[in-house]
Amino acid sequence: MIADDLRTAIREALRAAGLPEPPGGIVLDVPKQREHGDWSTPAALALARVAGRPPREIAQRLQAELEAAGVPHLARVEVAGPGHLNLHLAPSWLHDVLRAVVAAGERYGTGDALAGQRINLEFVSANPTGPLHAGGGRWAAVGDAIANLLAAQGAQVHREYYLNDAGAQLDRFRDSLYARYRGEAPPEDGYHGQYLVEMAARLRAERGDGVTPDEALEWGYRHVLAGLEQDLGRIGVHFDTWFSERTLHERGDVAEVLALLDERGVTYEKDGAKWFRASDFGDQRDRVLVKSDGATTYLCNDIAYHRDKFARGHTHLIDIWGADHHGQVRSLQAGLEALGYPPGEPEVVLGQLVRLVRGGKEVRLSKRTGDIIALADILDEVDADVTRMTFLAQGIDSAQTIDLDVVTEQSMENPVYYVQYAHARIASIARRAQEAGVARRPVTQVDLGLLAHPREEELLRALAVYPAVVAEAATARAPQKVTTWVRDFARAFHGFYRDCRVLTGDDALTQARLWLTEACRVGLANALGILGVHAPEEMARLDPQDEDAQGPAPARPGAAGAPA
RNA sequence: GCGCCCGUAGCUCAGCCGGACAGAGCGGCGGACUUCUAAUCCGCGGGUCGGAGGUUCGAGUCCUCCCGGGCGCGCCA
């Protein structure tokens, strides 16, 4: 990649000038303003302190070295402002970008930074006591996209869903379902949601009378599980493993972990319970592993669970949790460290919660109290791509507010269509070319120098940066960086489409632009692939009538003054 | 009280490891379809980057404090 070549060139220029590398390494930026060159480095500014010389003087030394070095594509180096080194490249570098994109195809934007790693990524893991609620969709979309990002960096990624199917909550679920089955109200601390009424009715319809509480539980649990899998499948999320907590108990994993911790001398008895010296491992205080009633705690089971993930051969564990669980991170990490695993495992990605608003008021969600907005409810009204893109448009460090009225009623305005339309336009051009009998000649026989329009350069610049965007997004566990890129790229493409006709009477220009659009297709499709959003070949024409219906009312008999 | 996260344009949000005049979408105003799908494009207007200090040649980005908001601080899961 050109950035690597330039970095190398700068490194050599530094050596030739007898200067050390800047403390933070050699930074290469794409300047916000075109006049500041194709690439820019603040290396001289960073070096001023250590070298004890004015930044501009250092910049001038580097400028001279770079100009003398004959770096490919490098046309001009200028020293600007306080000591920025601006690199102006010949247009030929963009042609290399195009060739690199089409040569790599589906692999364009991938890297090998995580090659050899086997990463276990656990996400969603909502309790199997009811349908997945709308907020859970955020973790599904984010987790799946992060999995795609890690895979794009060469990791072998295992998607996992943890089913808490062994604790007291399943008892409550059983009792609640059974109560509904008998036409009674659920227990005070049970699940009061309407969905259990419906589930109970179905249970009765399928099994009739005489179902025992435990039979109701098994039936209901399987029913819920199938629902979860189906809902997640609707937004394109599939798990490699649905891990049952029951396994840990049945197999004796939990007992084994307790024995191991005892062996390491990090447990003690107090008040009839068994405690873990978590505070010795950075936790705020010690934690209970076995309650005085003999049952193990959630933490204890979770330590056993994560130990199993390592036992299955994963080299790194990542959990995506809602921010309401952030208090448990240290305890779990302490437990694994006590067992001898590296500090910081599992890595926990905390996501802030989703707020749902309808009719201008916040909708509180709880399976226990009953008011649920299920992911499925949203998917019944909104395209799965819109749903995913909505969840992936924002960083997970901030709480997301989703206005159900906006999402469901104005989905046409969602940016996902803007992006998909760009892809459809590319596909449409390809179809038109085929109809006209125009085929792309080998790229080596095409004069890419004809791609000199600012719009064309803008597209190639965006494509050039794409691999770095993916790498950053993977490192930061931040899929919204890809969303941002894809929107910017779509904007650039729409501008190009408007200003530069691809299929023209000029054969050489047509060839060059066909290759450019092919490169755009590759970049767009790859980015959408990471987001898990479809890249359609065509999009239905919007009916102008529908458009009007959304806007100011057209003249209609009797419509004047009528309430909306 | 302690911990984590957030506070950027009227609204919803981008802004990497600090770099050169702060961005997008929506909304507002005004333009562009005999041309590869106008779910598009172009232009205009709109910001004390919550506040105060500090570090730095340089801070929306780092540090401290304050204000405002969200979420946690169980022998619950």
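Given the peptides A:53-60, A:179-186, arrange them by the average over their residues of other C-beta atoms within 10 Å, most packed first.
A:53-60, A:179-186
May I ask for the Kirkwood hydrodynamic radius of chain A, worked out over all distinct Cα pairs and given in angstroms to one decimal? Evaluated on chain A, it is 27.7 Å. Rg and Dmax, both from the Cα atoms of the range A:131-246 and both in Å, are 16.8, 55.
Note: relative contact order over chain A, using C-alpha pairs below 8 Å and six or more positions apart, is 15 percent. Could you state the number of Å between the C-alpha centres of the range A:481-497 and the range A:21-60? So the separation of the two Cα centres works out to 29 Å.
Taken about its Cα centre, the range A:415-549 carries a charge dipole of about 360 debye when Lys and Arg each add +1 at the Cβ and Asp and Glu each add -1 at the Cβ. Summarising the overall dimensions of the range A:201-292 from its C-alpha atoms, the Rg and Dmax are 20.2, 55 angstrom.
Of the beta bridges in chain A, as assigned by DSSP with both residues counted there, near 50 percent are antiparallel. Among the DSSP helices (H) of chain A, those spanning at least 27 angstrom by Cα along their long axis with an average Kyte-Doolittle hydropathy of 0.0 or more are A:454-475, A:507-531; this is a geometric and hydropathy rule only. The residues neighbouring A:Trp275, those whose beta-carbon lies less than 13 Å from its own, together hold a net charge of 0 under the Lys/Arg +1, Asp/Glu -1 convention. Most tightly packed first, judged by the mean number of other beta-carbon atoms within 10 Å of their residues, the peptides A:85-91, A:187-193, A:355-361 read A:85-91, A:187-193, A:355-361.
Restricting things to alpha carbons, find the Rg to Rh ratio for the range A:2-90 using the Kirkwood radius for Rh.
Working: Rg = 11.5 Å, Rh = 12.6 Å.
Reported Rg/Rh, Kirkwood definition of Rh: 0.92.
The range A:287-307 and the range A:170-190 have Cα centres separated by 26 Å. Summing Lys and Arg as +1 and Asp and Glu as -1 over all other residues whose Cβ lies under 13 Å from the Cβ of A:Gly183 gives a net charge of +1.
Only the coordinates and a few stated rules stand behind these numbers; no lab work does. Note that this is a predicted model, so its numbers are computed, not measured. Using ideal geometry, Cβ is built from the backbone for each residue, glycine included, and neighbour counts are taken over all protein chains shown.
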